[in-house]
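Following: one structure in structure tokens, then a few remarks.
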Amino acid sequence: MRKTAAILAGTVIVSAMASPALAPAGTVIPLSRRTSFTGAEGVFDKDRAIAATIATLNKHYHNLANFEKNTGTSVEVRAPAILPADVEERLNKRQSEALKDDQDREWTGTISVGTPKKNFVADFDTGSADTWIPSSSCNSIACSVKTKYNPASSSTSSKKPGTLFIQYADGSSISGPVYTDTVTIGGVTATNQVFSAVTTLSQDFLFESIDGLVGLALPPIAGLPSSLGTPFFLTAQAQHTVPVGQFAFYLAATGSELYLGGTDTKKYTGAIEFTGINTTTGFWQAMGGQAKVGGSVVLSGLQTIVDSGTTLMYCQPAATKAIYAKVPGSKVFDAKNGYYSYPCATPPQLSFNYGGKDWTVSAANFNLGTTTLRSKDCVGALLSLDMPFGPNTCLLGDVFMRNVYTVFDVDREAVGFASLA
Ligand SMILES: *[C@@H]1O[C@H](CO)[C@@H](O)[C@H](O)[C@H]1NC(C)=O
């Protein structure tokens, strides 16, 4: 088990840092629920799922471009994925018909920025590393419905050189100047936190309930320059406003939360099983994983990126094919978009294992809905996707995270899983 060395080294760092008297407590940030892709009468909502996959791909293209810039390691360059015109047209029609159509794709909570504090609704994304909020100078239509940051109204704001630029699914982008200011999430404050106040915001955001985003991944994939600071959680840790270098997600139908500075022992039982991450990548990428179906190993040597900003699970095409080959009655449902179906009556037991327990995706979480109205076949939440990661890399979004308590440990350089309470 290659994780051992990293964990031991991390433990030493933790005890060296512990300061008994003034250690701050960890803090709970309640999260709102993300919508599923199961539509009316239990049928799979394919258009929205396709849009989500394209957004996920583009986010990670952007991450890898940052990685190349930050590390000088060349990555495979790909053009942004584009939403098929027919899908876009149908989604736009639905949005204009029902503004209240629940479009949330994120786990959202409140952050505050500036002095005096101003509250923003943010997506907490372990799959990217930058923080951004809308600027008062933003004239995009999407900004009209957002809370905006006015640097002139914050006594602690400081303008920095440079711009943040991120490409989104529809080919549009966000961009804006860079600032530092005080950012508080729950009881945890980071002073002089670097972020972007974005002045252009693509139309996709008009229908999402978030103002901005807090990236909880690691510096190699940050777009904001490291000379100006680190991602939020690392800043808080360096400034000792969290007791330990851990944060954790509990994602459920109700009571979802992000815990900053440790773990919420009410939300899990038993030990947390830690697995070392691939520290070169900047992702929370657990190494040495196995994929199992029905308790039997199908794939070994997997690296799994745990990404709260992704809804579904994705493996590379060959790996996905190998997994579904072990699911009786499964078949390709949509080859172009990577979907497989399986008989609803006999859902597979898909698990990931890192040398200890099997972490299993429940039948309910695996099921994205029936392929068509009253079909006996259901769409599986594991998709085939040609991703610009290594051949043995899967991306595990919240259909996986909902089955476990997930701990992100900066000191151990590890991801931890525990059983839900
Ligand atoms: C870490 O990930 C990179 C990129 O996918 C890969 O090339 C490298 O082999 C991985 N390192 C380890 C130790 O697995």
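The values are calculated or read from the model by the stated rules, or taken from the named source; none is laboratory data. Just so we're clear, the structure is a prediction, and the values are computed from it rather than from any experiment. Cβ sites come from the backbone with ideal geometry, for glycine too, and all protein chains shown count toward neighbours. What goes into the accessible areas is simple: the full protein's heavy atoms, side chains included, and nothing from ligands, DNA or RNA. Shrake-Rupley method; radii C 1.70, N 1.55, O 1.52, S 1.80 Å.
Condition check for C344 on (1) under 25 Å from V407 (Cα atoms); (2) touching a Cys at 6+ places or on another chain (Cβ under 6 Å): one failure, at (1).
For segment 358-372, does any single residue satisfy the condition of being assigned to a loop (DSSP other than H, G, I, E, B) and under 24 Å from L83 (Cα atoms)? Yes, the conditions are met somewhere in segment 358-372.
Reported count of residues in segment 177-208, each being out of contact with any Ser or Thr (no Cβ under 6 Å at 6 or more places or on another chain) and small (G, A, S), is 1. Kindly provide the set of residues from segment 244-264 that are outside any strand (DSSP E or B) and open to solvent by less than 40 Å² (accessible area, probe 1.4 Å), ordered by number. Listed by number, the residues that qualify are G245, L251, A252, S256, G261, G262, T263, D264. Where strands (runs of 3 or more DSSP E) fall entirely within segment 110-229, those with at least 3 residues that are open to solvent by less than 10 Å² (accessible area, probe 1.4 Å) and closer than 21 Å to K69 by Cβ are at 173-185, 188-198.
Hey, could you check segment 265-306 for residues that are under 22 Å from V214 (Cβ atoms) and either open to solvent by 40 Å² or more (accessible area, probe 1.4 Å) or not β-branched (V, I, T) (or both) and say which is farthest from the ligand (Cβ to nearest atom)? Per the criteria, the residue is K267.
All conditions in (1) within 16 Å of the ligand (Cβ to nearest atom); (2) among the polar types (S, T, N, Q); (3) under 16 Å from the mean Cα position of the chain (by Cα) hold for T310, with the sole exception of (1). Restricting attention to segment 373-384 and to residues that are assigned to a strand (DSSP E or B) and open to solvent by 10 Å² or more (accessible area, probe 1.4 Å), the residue that is farthest from T280 (Cα to Cα) turns out to be D377. Among the residues of segment 181-204, the one identified as of a type in the set (D, E) and modelled with pLDDT under 95 is D204. Residue-level check: of (1) open to solvent by 30 Å² or more (accessible area, probe 1.4 Å); (2) within 16 Å of the ligand (Cβ to nearest atom), M387 misses just (1).
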